[in-house]
Amino acid sequence: MVDQQKLWDDVAAQNYDTPGEGMFADDVLGPTIDVLVDFADGGRAVEFAIGTGRVAIPLSEAGVGVSGIELSTAMLARLREKIGPDTLPVVEGDMTTASAGDEFALAYLVFNTISNLLTQDEQVECFRNAARHLRHGGRFVIELWVPQLRSLAPGHGGTLEVSEPGYLLVDTYDPLQQLVISHHVSFDPQITGSHEARIGRSPHRYIWPSELDLMARLAGFELESRWADWDRSAFTAESRSHVSVYRLGHQA
């Protein structure tokens with residue numbers, strides 16, 4: 001079993017934020033916040049795996065009452081450097097079991113984070129925990145990548161996902177267990193501090209959209225909409241990720 005505290009340690013927390021760039025860029029966060037404000041519809045929101053507050057802080061600044069759940073002590077400490085508990089309360093715990101309250105209008109889980117749960121049972125429990133947090137008719141929004149098994153060459157167990165100056169991302173697959181390990185290779189001296197490469201690895205359990213929909217049904221949700229991105233563009237067979245919106249009908 002992977003120790004998530006070690007995976008998301010002080011080093012990961014300090015390197016996570018990239019203000020104004022990457023996942024913190026305005027053109028990424030802007031559409032995300034717009035969608036979540038719309039679905040909160042004047043009610044409260046809870047973020048599972050709130051991390052360092054990349055989404056929760058601007059959502060709170062947009063006028064939504066936000067609470068969160070976070071397993072990593074280091075990530076939570078980084079968040080607390082930016083915003084206090086009176087403004088953004090967070091429960092330290094596992095998003096499959098921890099409770100931040102109930103009667104929320106919106107629960108959300110972004111940036112592929114449900115795949116950090118490495119078994120199907122844990123992923124189903126995440127849906128059930130979201131249902132426990134929501135009022136009737138509340139929404140659970142998940143952002144997740146589409147497994148790229150079509151990219152696997154015959155006889156090869158991995159894909160090159162990113163190749164850019166100073167950085168490579170290689171994903172290796174175990175199709176029997178639906179596991180993928182992302183290998184992050186940094187070899188920019190300005191980042192690593194030396195001419196030697198630095199390798200970080202993160203495990204994930206990938207989920208097909210149809211499997212995700214069945215997990216949702218087990219917890220009393222129905223799929224309301226699915227887009228390719230936060231801009232609400234159409235989800236197609238070529239989409240590499242999706243934003244899926246589930247609405248709570250009845251408790252399973």
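Points worth noting:
- Which listed residue is open to solvent by 10 Å² or more (accessible area, probe 1.4 Å), in contact with a Leu (Cβ under 9 Å, 6 or more places away or on another chain) and among the acidic types (Asp, Glu), from Asp86, Asp41, Asp121, Asp34: Asp41
- The range 199-224 residues that are on the phi > 0 side of the Ramachandran plot and at pLDDT 95 or above, paired with ones that are part of a strand (DSSP E or B) and surrounded by 19 or more Cβ atoms within 10 Å (Cβ to Cβ) (beta carbon under 9 Å, 6 or more apart): Gly220/Leu248
- Among the conditions (1) in contact with a His (Cβ under 6 Å, 6 or more places away or on another chain); (2) open to solvent by 70 Å² or more (accessible area, probe 1.4 Å), Leu223 misses just one, which is (1).
- Considering the conditions (1) within 17 Å of Ser241 (Cα to Cα); (2) open to solvent by less than 20 Å² (accessible area, probe 1.4 Å); (3) in contact (Cβ under 8 Å) with a residue 40 or more places away in the chain, Asn112 is excluded by exactly one of them, (2).
- Residue check for Val170: part of a strand (DSSP E or B) and either over 18 Å from the mean Cα position of the chain (by Cα) or more than 30 Å from Phe104 (Cα to Cα) (or both): yes
- Answer from Ala153, Ala197 - the residue that is farther than 22 Å from Asn116 by Cβ and either open to solvent by 60 Å² or more (accessible area, probe 1.4 Å) or touching a Gly at 6+ places or on another chain (Cβ under 8 Å) (or both): Ala197
- Ile50 hydrophobic (A, V, I, L, M, F, W, C), under 27 Å from Leu212 (Cα atoms) and assigned to a loop (DSSP other than H, G, I, E, B): yes
- Boolean, Val185 is touching a Leu at 6+ places or on another chain (Cβ under 9 Å) and β-branched (Val, Ile, Thr): yes
- Candidate set: the range 133-157, residues that are among the charged types (D, E, K, R) and more than 19 Å from the chain's Cα centre (by Cα); chosen: the one nearest to Tyr246 (Cα to Cα): Arg135
- Here the range 156-173 is the region considered, the condition is being open to solvent by less than 20 Å² (accessible area, probe 1.4 Å) and free of Cβ contacts under 8 Å to residues at least 24 places away in the same chain, and the residue that is nearest to His204 (Cα to Cα) is Asp171.
- The residues listed here are Arg139, Arg78; of these, the one that is in contact with an Asp or Glu (Cβ under 9 Å, 6 or more places away or on another chain), in a strand (DSSP E or B) and either open to solvent by less than 50 Å² (accessible area, probe 1.4 Å) or not acidic (Asp, Glu) (or both) is Arg139.
- Residue match in the range 228-249 (condition: of a type outside the set (S, T, N, Q), in contact with a His (Cβ under 7 Å, 6 or more places away or on another chain), surrounded by fewer than 18 Cβ atoms within 10 Å (Cβ to Cβ) and under 18 Å from Gln148 (Cα atoms)): yes
The values are calculated or read from the model by the stated rules, or taken from the named source; none is laboratory data. None of the values given here were measured: they were computed from a predicted structure. Heads up, the Cβs are rebuilt from the backbone with ideal geometry, glycines too, and the neighbour counts pull from every protein chain shown. Side chains included, ligands, DNA and RNA excluded: accessible areas come from the protein's heavy atoms. Shrake-Rupley method; radii C 1.70, N 1.55, O 1.52, S 1.80 Å.
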